[in-house]
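**Student:** One structure, pasted below without further comment.
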Amino acid sequence: MSREHRGTIFLEDARVLSRTALEADQFITRVAAPRCAAHAQPGSFVHVRCDPAIPMRRPLSIMRVDAEAGWIEFLYKIHGQGLRALSERKPGDIVSVLGPIGRGFTPHPERPRPLLIGGGVGIPPMVFLAERLRGRTDAEWKPLVLMGSEIPFPFRTRPSQIVVGGMPPGCIACMPLLDEWGIASRLASRSGFPGCFDGFVTELADAWLATLSADALAEIEVFACGPTPMLRAAAEVARRYSLPCQVSLEEFMACAVGGCAGCAVPVRTPQGLAMKRVCVDGPVFDAADVF
């Protein structure tokens, strides 16, 4: 199993196609990386060399993919010299991209109402997963995407046109792109943004799940990505309602291909506790195995 990822990770000189600057030092960069685009799955990530003068790469979650056009897109917030350098790369520049890396999310058709929870930099994989579910025909998928942020969201929010029963009063703000796709979304923040639930995104998830019947809960599976405290809270919410839950972990990593084992975390296995590498054994794990 340690070699399963070999032959599926590609090194590409990716040409920057566009760079969009957003509030709070957030950026969306789209690059031409056809081999990565052809193999990427929701939850996988890329290891990007931000600038030729900066040797260490940065792991970035994939937010959107167009396999036919051959591009991938990632969202990031400036944190340190590397991502600042990446934010300055302009269309036409070449960026070295290693990917796609890691095991992604696995939605199960017997639970066709997935609950996607993304917090901060954990938002991109939820967008990718929602878009992929939109194109699947193996079930009548009805995802609900909940997003939380304490800084301005990386999109211009607006009231949703999609009714979601059980939502707290006044919680109507959405991600417009998801609304256009016909996918319900709602937002949470403690920063007082209009139309958002006043609290953590996991509290919003808990409030919504509490309104559902046993039959409805039997159709739900939870997927979460974000900071570790948020993932731990999401795992606890899922446990409270006896829901399966997959989480995408965030860890510092050097090589990102399983060689250095610097991103290893303890994971419960049938044989007992074992150290697993977040980069290639994850980043997605069963929540009950890591929390």
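**Student:** If Cys225 passes every condition in (1) surrounded by fewer than 24 Cβ atoms within 10 Å (Cβ to Cβ); (2) out of contact with any His (no Cβ under 9 Å at 6 or more places or on another chain) but one, which one does it miss?
**Tutor:** With respect to (1) surrounded by fewer than 24 Cβ atoms within 10 Å (Cβ to Cβ); (2) out of contact with any His (no Cβ under 9 Å at 6 or more places or on another chain), Cys225 is out only on (1).
**Student:** Looking at the range 60-100, which of the residues that are small (Gly, Ala, Ser) and outside any loop (DSSP other than H, G, I, E, B) is surrounded by the fewest Cβ atoms within 10 Å (Cβ to Cβ)? Quick ask: steps written out before the conclusion?
**Tutor:** Here is the first cut: in the range 60-100, the residues small (Gly, Ala, Ser) are 61, 67, 69-70, 80, 82, 85, 87, 92, 96, 99.
Pick out the ones that are also outside any loop (DSSP other than H, G, I, E, B) and you get 61, 82, 85, 87, 96, 99.
Working: Ser61: 26, Gly82: 19, Ala85: 17, Ser87: 17, Ser96: 15, Gly99: 29.
Checked the range 60-100; the qualifying residue surrounded by the fewest Cβ atoms within 10 Å (Cβ to Cβ) is Ser96.
**Student:** Of all the residues that make up the range 269-291, how many are assigned to a strand (DSSP E or B) and among the hydrophobic types (A, V, I, L, M, F, W, C)?
**Tutor:** Pass one, the range 269-291, residues assigned to a strand (DSSP E or B): 269, 272-277, 283-286.
In the following step, the residues that additionally are among the hydrophobic types (A, V, I, L, M, F, W, C) were identified as 273-275, 284-285.
Total meeting the criteria: 5.
Matching residues to (1) surrounded by fewer than 20 Cβ atoms within 10 Å (Cβ to Cβ); (2) not polar (S, T, N, Q):
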position: Thr106; (1), (2): yes, no
position: Glu110; (1), (2): yes, yes
position: Leu115; (1), (2): no, yes
position: Arg134; (1), (2): yes, yes
position: Leu144; (1), (2): no, yes
position: Ser185; (1), (2): no, no
position: Cys196; (1), (2): no, yes
position: Leu204; (1), (2): no, yes
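**Student:** Here is a list: Ser213, Ser242. Which entry is without any contact (Cβ under 8 Å) to a residue 12 or more places away in the chain and more than 30 Å from Leu11 (Cα to Cα)? Explain how you work it out, then say what you get.
**Tutor:** Values: Ser242 fails: without any contact (Cβ under 8 Å) to a residue 12 or more places away in the chain.
Exactly one of Ser213, Ser242 is without any contact (Cβ under 8 Å) to a residue 12 or more places away in the chain and more than 30 Å from Leu11 (Cα to Cα), namely Ser213.
**Student:** Go through Arg57, Arg30 for me and flag whichever is without any contact (Cβ under 8 Å) to a residue 60 or more places away in the chain and crowded, with 18+ Cβ neighbours inside 10 Å.
**Tutor:** Numbers: Arg57 fails: without any contact (Cβ under 8 Å) to a residue 60 or more places away in the chain.
Going through Arg57, Arg30 in turn, just one is without any contact (Cβ under 8 Å) to a residue 60 or more places away in the chain and crowded, with 18+ Cβ neighbours inside 10 Å: Arg30.
**Student:** Out of the range 230-251, which residues are within 20 Å of Ala264 (Cβ to Cβ) and either assigned to a helix (DSSP H, G or I) or of a type in the set (Val, Ile, Thr) (or both)?
**Tutor:** At the first step, the residues of the range 230-251 found to be within 20 Å of Ala264 (Cβ to Cβ) are 231-232, 235, 246-251.
Leu231, Arg232, Ala235, Val247 - these are the residues of the range 230-251 that are within 20 Å of Ala264 (Cβ to Cβ) and either assigned to a helix (DSSP H, G or I) or of a type in the set (Val, Ile, Thr) (or both).
**Student:** Report yes if Gly258 is touching a His at 6+ places or on another chain (Cβ under 8 Å) and either surrounded by fewer than 17 Cβ atoms within 10 Å (Cβ to Cβ) or in a loop (DSSP other than H, G, I, E, B) (or both), otherwise no.
**Tutor:** Yes.
**Student:** A further question follows. Inspect all residues belonging to the range 206-221 and state whether any of them is in contact with a Gly (Cβ under 9 Å, 6 or more places away or on another chain), more than 16 Å from Arg111 (Cβ to Cβ) and either at pLDDT below 95 or assigned to a loop (DSSP other than H, G, I, E, B) (or both).
**Tutor:** yes
**Student:** Of everything in the range 36-54, what is crowded, with 18+ Cβ neighbours inside 10 Å, out of contact with any Leu (no Cβ under 9 Å at 6 or more places or on another chain) and of a type outside the set (S, T, N, Q)? Give them in sequence order.
**Tutor:** Ala37, Ala40
The values are calculated or read from the model by the stated rules, or taken from the named source; none is laboratory data. Only a predicted model underlies this, so the values are computations on that prediction, with no experimental measurement involved. All Cβ positions, glycine included, derive from the backbone under ideal geometry; neighbour counts span all protein chains shown.
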